[in-house]
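A.B. asks: Take this structure first; my questions come after.
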Amino acid sequence: MTQILVPVAVSKQDLKAIESQLALCPSLPSLGSINKALQGLLHAEQRFSAQISEIIRRDPSLTARLLRLVNSVYYGLTTPVNSIEEAVFYLGVRQIRQLTMVTPIIEDFQRLTKQCNFPWREFWQHSIGTAILTREVIGTVQAPNDEADYVAGLVHDVGKIVMAWSFPEHFSEIHRQALGGTEELSKIELEILGMDHSELGALYLERHRLPEVMIKTARFHHHPELTDRYQHAIASVQIADLLMRSEKIGCSGNYVPVTRDECLAASGWAVLFPNAQEAETAIARASLHRSLERLPSVLEGLV
Ligand SMILES: [Fe+2]
Ligand SMILES: [Fe+2]
């Protein structure tokens, strides 16, 4: 028996309609407070792990996630880790710092996505995994100096979350069509809504006066060669995003398959290595594959 698909009555929206709907979308307080939280944690790095543990202890959901993470990453431990001090010892300050940022952002995001049927858990894995890999990619050309690139990786697809909240019917129809995996998601979004998630995310972040690096990442993460600032961070997000899709870790909602060769041909590589020899980029790529192998178990523990 063939299933008859009843088309949902959704029509393309113009910029004015999109903007007025966007104005109703709640803000994400975690993104606004991120800079303050980062400062505190950056200083914590110089202190003893006991003080870091104290910061974590104040946040019960972070504590729970942290213990879950350490026990899933180090699943070979004979006795499970139950104390924050032990978790800090195993994970290291850097991972803890990143986890501290992820938790409130994802919890904020989750509040916006209740009404739409979508593989959200896999989508959080896509977002966090892209953030982790963005760090690794940018690390092949420069020493990361703050966590801005990590946060940029984390929020690159915020437009999809905003779309689910502001245009749930359009969102459902878009993702019903995207499942076929024959057409790029941005193209379907343009056809059905009239705007893709890159632009929608950028408009949303602009409206809430969030840092420019986040806005530009949302807008240019599929075309880092077009940005006038933060080229390295945005090129790294593009590559990280493609790697996540080609390795089929998590779910971005874009089902068009990505091959390894397409990852290697991404425009972001030329942004990162404008004059590089082949050997130099080959080393960078090899180190990324090692990170990719560890990623699924890290993500299992996080969301
Ligand atoms: Fe995207
Ligand atoms: Fe993505």
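A.B. asks: Compare GLN21, GLN277, GLN98 in a GNM of the chain, Cα atoms joined below 10 Å, and give the one with the largest fluctuation.
C.D. replies: In the Gaussian network model the winner is GLN277.
A.B. asks: Find the accessible area per residue for the chain; the probe is 1.4 Å, ligands and nucleic acids are left out, and the unit is Å².
C.D. replies: 48
A.B. asks: Need one value: the accessible area of SER166 in square angstrom, 1.4 angstrom probe, rounded to the nearest 10.
C.D. replies: 10
A.B. asks: Give me the number: length gained by fully extending SER72 to PHE273, i.e. 0.36 nm times residue separation minus the C-alpha to C-alpha distance, one decimal in nm.
C.D. replies: 68.8 nm
A.B. asks: Contact order normalised by length for the chain, with contacts defined as Cα pairs under 8 Å and 6 or more residues apart; what percent is it?
C.D. replies: Reported relative contact order: 23 percent.
A.B. asks: For the chain, which longest stretch is free of loop sites, where a loop site is one of the trypsin sites (Lys or Arg not before Pro) that DSSP puts outside H, G, I, E and B and that has at most 16 other Cβ atoms within 10 Å?
C.D. replies: 115-208
A.B. asks: Taking only the C-alpha atoms, wrap a convex hull around the chain and report its volume per residue in Å³ as a whole number.
C.D. replies: 151
A.B. asks: Looking only at ILE132, ILE105, ILE55, which one moves most when the chain is put into a Gaussian network model with springs between Cα atoms under 10 Å?
C.D. replies: Looking only at ILE132, ILE105, ILE55, the largest GNM fluctuation is found for ILE55.
A.B. asks: Gaussian network model of the chain, Cα springs within a sub-10 Å range: biggest mean-square fluctuation belongs to which of GLU206, GLU247, GLU280?
C.D. replies: Highest fluctuation of the listed residues: GLU280.
A.B. asks: For the pair LEU190 and GLU85, how long in nm is the line joining their label points, each one 7 Å along Cα→Cβ?
C.D. replies: Taking the two extended label points, one gets 5.8 nm.
A.B. asks: If you don't mind, another one. Taking all protein chains as present, what is the carbon and sulfur share of the accessible area of segment 177-303, in % to the nearest whole number, probe 1.4 Å?
C.D. replies: Of all accessible area on segment 177-303, carbon and sulfur atoms account for 53 percent.
The values are calculated or read from the model by the stated rules, or taken from the named source; none is laboratory data. Just so you know, these numbers come straight off a predicted model, no measurement behind them. Counting neighbours? That spans all protein chains shown, and the Cβs are built from the backbone with ideal geometry, glycine included. The accessibility values were calculated without ligands, DNA or RNA, using every heavy atom of the protein model including side chains. Shrake-Rupley method; radii C 1.70, N 1.55, O 1.52, S 1.80 Å.
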